[in-house]
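Working notes for the structure below.
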Amino acid sequence: MRTETEVRTAAEPARIVLVPDRKAIRADGMDLSFVTVKVVDKDGTLVPAADNLIKFKVTGEGSIVGVDNGNQISHKGSPFGRIPPSGPVPRAGP
C-alpha cells in the first residue's frame, strides 16, 4: 500500500472564508451555529500563521454570543467580537 501526502506552502493572506457547522438554525433564540473562520491565500490554501485581527459584526436578528481564536495554548484574552483567525464563532438565531 502506498500513500501520498501533499504539502503546500501558503502565500500571503488574501481572503477570509466562513464555514458554518450547519446550513440552517432554528429561529428560537436558543439555537447556535459555530462558524469557523479561515484565512486563505489566493489559491485557497489555509494560511496557518496568519495573525490578522478579524472583527465580527452580525446584521439582522442574529447575535454573536462568543468568539475564540482556537489556539489551545493561548491564554491571551480577546475583546468581544475581535479575534485572531482560525477560531469558531458561535452565532445565535433570532
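Taking segment 19-48 as the range and being loosely packed, with under 12 Cβ neighbours inside 10 Å and either hydroxyl-bearing (S, T, Y) or without any contact (Cβ under 8 Å) to a residue 24 or more places away in the chain (or both) as the test, the residues that pass are V19, R22, K23, A24.
If the condition is being surrounded by 12 or more Cβ atoms within 10 Å (Cβ to Cβ) and either modelled with pLDDT under 80 or touching a Cys at 6+ places or on another chain (Cβ under 6 Å) (or both), then segment 60-81 contributes D68, N69, G70, N71, S74, S78, G81. The condition (being over 24 Å from R8 (Cα atoms) and modelled with pLDDT of 90 or more) is satisfied by just one residue among K23, K38, K57, K42: K23. Just so you know, in segment 1-18 the residues that are in contact with an Asp or Glu (Cβ under 7 Å, 6 or more places away or on another chain) and among the aliphatic types (A, V, I, L, M) include one that is surrounded by the most Cβ atoms within 10 Å (Cβ to Cβ), and it is A10.
The values are calculated or read from the model by the stated rules, or taken from the named source; none is laboratory data. Remember, it's a predicted structure, so these values are computed and weren't measured experimentally. Neighbour counts are summed over all protein chains in view; Cβ atoms, including those assigned to glycine, are modelled from backbone coordinates with ideal geometry.
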